[in-house]
Amino acid sequence: MNVIEKAIVLIIAIAVMYIAPTLLKAESQDQITQSVVYQDTSNFVDTVCTEGKITQTEYLKFINELDTTGLLYDIKITVGHQTVVPVYKDDGTVCSTESVDMFSYTDEILESVFQTDGIYTLSKGDSISVTVANRDLTLAQRLTIYGLGVADYGTKILVKSGGVVRDESF
């Protein structure tokens with residue numbers, strides 16, 4: 001081996017010795033972040049299911065807890081309500097009723113929480129589903145993209161949690 005080959009091998013060895021542990025540490029950090037986001041989301045859903053409402057205070061607390069991870073998130077909330085509607089005959093008389101699922105989504109829920117009265121009320125038996133996904137790149141994704149040159153732009157942190165509203169405190 002001549003001097004140039006030895007220099008190239010040395011540079012590659014140093015790069016691998018630096019990048020590999022750093023990438024492993026970043027992956028570990030992403031796993032910890034995933035756990036924190038899962039715990040925060042589960043706590044929020046459990047509170048909503050227990051209290052039967054989404055309050056401005058609880059939602060902002062949830063957002064602040066997610067902010068501690070240092071990432072930006074897309075949060076989607078879906079609430080399912082069962083509604084009983086009448087079934088009419090051709091002559092306009094009610095012949096029976098049927099149960100229909102109606103859904104409220106993030107925009108409608110947050111409008112009620114922030115613009116109306118500060119509370120979005122649910123009923124016993126309503127279902128709630130919350131999905132949280134990272135919007136920006138995690139450290140491991142950035143290291144993979146910039147350090148290794150591999151495209152990794154997908155969602156790394158993805159948490160889904162849901163439940164049914166119980167009749168406990170309302």
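Give the cross-link partners of Lys76 among the aspartates and glutamates, using a straight C-alpha distance below 20 Å as the criterion and excluding same-chain residues fewer than 8 apart.
Asp40, Asp46, Glu51, Glu58, Glu65, Asp67, Asp101, Asp107, Glu108, Glu111, Asp126, Asp136
At 1.4 Å probe size, with every protein chain present, just tell me what the per residue accessible area of the chain comes to in Å².
Dividing the accessible area of the chain by its residue count gives 63 Å².
P(r) for the chain: what percent of alpha-carbon pairs falls in each 10 Å bin, starting at zero?
9, 27, 22, 16, 11, 7, 5, 2, 1, 0
Tell me the label-point distance for the pair Gln82, Leu110, using the 7 Å Cα-to-Cβ offset, in nm and rounded to one decimal.
3.0 nm
Report the far tail of the P(r) of segment 38-132, meaning the percent of Cα-Cα pairs longer than 20 Å.
Above the 20 Å cut-off, segment 38-132 has 44 percent of its Cα pairs.
Please give the net charge around Leu110, taking every other residue with its beta carbon less than 14 angstrom from that of Leu110, where Lys and Arg add +1 and Asp and Glu add -1.
Around Leu110, the surrounding residues sum to -4.
Within 12 Å, Cβ to Cβ, of Phe62, how many net charges do the neighbouring residues add up to if Lys/Arg are +1 and Asp/Glu are -1?
So the environment of Phe62 carries a net charge of -4.
So what is the 222 nm mean residue ellipticity for the chain from helices alone, if each DSSP H run of at least 4 adds -39500 (n - 2.57) and you divide by all residues, rounding to the nearest 500 deg cm²/dmol?
-15500 deg cm²/dmol
On the protein heavy atoms, probe 1.4 angstrom, tell me the percent of accessible surface of segment 91-170 carried by carbon and sulfur.
51 percent
For helix 3-51, what angle does its Cα long axis make with the longest principal axis of the chain, in degrees from 0 to 90 and rounded to 10?
On a 0 to 90 degree scale, this one is about 20.
The values are calculated or read from the model by the stated rules, or taken from the named source; none is laboratory data. Keep in mind that what you see is a predicted model, and the values were worked out from it rather than measured. Neighbour counts run over all protein chains shown; Cβ positions are idealised from the backbone, glycine included. Remember, those area values only see protein heavy atoms, side chains included, never the ligands or the DNA or RNA. Shrake-Rupley method; radii C 1.70, N 1.55, O 1.52, S 1.80 Å.
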